[in-house]
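Data block below; observations after.
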């Protein structure tokens with residue numbers, strides 16, 4: 001009986017901090033998730049070490065700007081996630097192809113987890129990482145402590161904040177951080193709209209990067225050559241040196 005009462009109080013506390021915002025999970029725009037649990041639909045224009053500039057599709061403002069310290073994550077419409085720590089440091093997330101039936105769990109250590117069959121216990125959340133089907137009727141169950149969960153977004157777009165990020169200690173990158181990741185911290189993101197007749201090599205030369213890097217950053221076909229002419233209007237994400 002005592003456990004039931006504790007669970008009831010816990011769920012009531014979670015509900016009291018729930019975000020009233022409905023998330024458009026089918027949006028074709030980029031999504032900026034703020035550290036207070038709210039979001040903005042956007043088209044990202046530029047990311048620097050201090051701020052993110054974007055077209056605000058929610059309010060209609062053509063050029064808006066937010067400090068990176070206000071942002072938890074940018075969920076790109078056609079790429080993976082980029083998380084921002086409390087100090088404004090970037091952390092690249094995995095590309096999760098979650099279907100519309102999955103509940104999305106966002107953690108305090110900056111991960112997105114597609115989850116199914118959620119169960120709330122006194123101090124933890126139990127979930128499955130796959131939907132049960134005929135081939136796998138009992139997928140493995142996983143456990144997260146409530147203190148590990150920042151926010152949950154359900155399939156219908158409703159959401160709730162479980163742990164306020166301001167109450168979580170600063171996130172520290174693992175010591176095994178790769179040289180490539182350390183180098184990325186010295187860069188900022190710009191977006192280049194391909195012009196008529198532009199080749200991959202010409203664009204690479206303009207930003208002092210290599211064609212191979214542009215192919216990797218934008219997941220272009222491996223067969224794309226330096227001399228290839230790209231589609232006019234195509235948006236390319238390019239990392240350039242951050243001199244701010």
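Values quoted throughout were computed directly from the atomic coordinates according to the rules given, and no laboratory measurement underlies them. Quick caveat, the model's predicted, so the values are computed rather than measured. Here the Cβ positions follow ideal geometry from the backbone for every residue, glycine too, while neighbour counts run over all protein chains shown.
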Please arrange 108, 210, 103 by how many other C-beta atoms lie within 10 Å of their C-beta, fewest to most. 210, 103, 108
In which sequence would 162, 189 go, from the one with the fewest C-beta neighbours within 10 Å to the one with the most? 189, 162
A chain fully extended from residue 136 to residue 193 at 0.36 nm per residue, minus the present Cα-Cα distance, gains in nm 16.1 nm
Expressed to one decimal in nm², the mean projection of the alpha carbon convex hull of the range 103-167 is 4.7 nm²
Per-residue Cβ neighbour rank within 10 angstrom, fewest leading, 166, 109: 166, 109
Whole-Å distance linking the alpha carbon centroid of the range 191-210 with that of the range 110-163 is 42 Å
Bin width 10 Å, origin at 0, all Cα-Cα pairs of the range 186-241: what percent of pairs per bin? 25, 63, 11, 0
